[in-house]
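Below is one structure, written out as structure tokens, with a few remarks after it.
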Amino acid sequence: MDLSTTIAGVRFPRCLMNAAGALCVTREELEALGRSRAGAIVTKSMTLEARRGNPEPRYYSFGSGSINSMGLPNLGYLAYAALIPQLRKFGKPVVASVAGFAARDFVQIAKAINDSRPDLIEINLSCPNIPGEPQIGYDAEASERLLSEVRTVVSVPIGVKLPPYFDPAHQEKMAKVLERVEVQFLSLINSVGNGLVVDADRESAVIKPKGGFGGLGGALIKPVALANVRAFWRLFEGRLPIIGTGGIVTGSDVFEHLLCGASAVQVGTTLVDEGLGAFDRLEQELVAVLEKKGYTSPAACRGVLKEL
Ligand code: DHB
């Protein structure tokens, strides 16, 4: 079955890709994504300077999900700008994830990365793990200022990676911002920020940074991810492509994201836990689900969720 999809005019050979942060920091990891069944190569969120990130342990996976406080370990934007033209040779879209500590960082990085011609730029408004730095995506005014500036310096399509929202009023307010600044796609959602996982035996937090607080991912966040995909699908009446992220463990999870309105999905926790073979498995499982349901493509079931 043809699992290709198109987002902001860019064709993806398959509708599954890594989530920013998962196995995508180094050149070796990015090239391995290029050789894998991933339908795109998404980079780690890049900052101005190279960063080692937060002290370890900083990632912990448990049965129903994961918690992380990586602290943006990455090679710095200049290294990714140099790598992107080489990554494009794998014949699948390259998505550059851009972060920063101030609006002017985002603008500087977006401008330089735009010149290296990724297929898409994903602006990360939702890193929860930098001590003292709030998530920009929870401040609609700051998000609008930042995105309208970034807009003026890029020519490749841009999208935003948003944090989860838990109230329709917040989704509506952000949707109006996104409409005004004319972003071309959404990635929903980033990790559920500042959760706390406790090891009762050790009477301890499981990660070191920020007293154990970190971003939650994996199976346990799927209902929150689906709710955000669905809410933004409805707010934009299906006109703005959405990449669903959160809780993709099986092909059926991919199918659920498609039903809610996603055009593609990103895989984080499952990819880190299972390795690149997860793409082969998820692809086979998705095809099996779609065939059983009588759908001939991912697009055929996009957004068709029944509301009772
Ligand atoms: C990190 C975590 C995130 O959820 C994110 O969006 C960006 C960065 C991190 O800690 O590296």
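FYI, it's all coordinate maths here, none of it is from the lab. Note that this is a predicted model, so its numbers are computed, not measured. Cβ sites come from the backbone with ideal geometry, for glycine too, and all protein chains shown count toward neighbours.
Computed values, structure above
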item	result
Pairs of Cα atoms farther than 18 Å apart, the range 187-308, %	56
Cleavage-rule hits (trypsin sites (Lys or Arg not before Pro)) in the range 224-274: DSSP loop, at most 15 neighbouring Cβ within 10 angstrom	Arg239
Under the Karplus curve 6.51 cos²θ - 1.76 cosθ + 1.60, θ = phi - 60°, whole-Hz ³J(HN,Hα) for the range 117-122, x wherever Gly or Pro sits	6, x, 6, 9, 10, 10
Distance between the range 273-288 and the range 114-159 - C-alpha centres, whole angstrom	30
Residue (of Thr250, Tyr295, Pro223) at the positive-pole extreme of the range 207-308, dipole from beta-carbon charges	Pro223
Peptides ranked, highest mean first, by Cβ atoms within 10 Å: ranges 269-282, 213-226	213-226, 269-282
Packing-based order for 108-118, 65-75, using average beta carbon neighbours within 10 Å, highest first	65-75, 108-118
Chymotrypsin sites (Phe, Trp or Tyr not before Pro) within the range 83-170, DSSP loop, no more than 13 other Cβ atoms inside 10 Å	Phe166
For the range 189-302, share of DSSP beta bridges that run antiparallel, in % to the nearest 5	60
Paramagnetic reach from Thr296 (point 7 Å along Cα→Cβ, amide N under 13 Å) across the range 1-20	1-2
Student exercise, the chain dipole from Lys, Arg, Asp, Glu Cβ charges, in Debye to nearest 20	560
Average Cα contact separation per residue, the chain, under 8 Å, 6 or more apart, as relative contact order %	19
Value of D in µm² per second that Stokes-Einstein yields for the chain, Kirkwood Rh from Cα pairs, at 4 °C (1.567 mPa s)	68
Helix-only CD estimate at 222 nm, as mean residue ellipticity for the chain, using -39500 (n - 2.57) per DSSP H run (n ≥ 4)	-11000 deg cm²/dmol
Where trypsin sites (Lys or Arg not before Pro) fall in DSSP loop in the range 1-81, at most 12 other Cβ within 10 Å	Arg52
Extension reserve of the Arg239-Thr6 stretch, reckoned as 0.36 nm per residue once the Cα distance is removed	82.6 nm
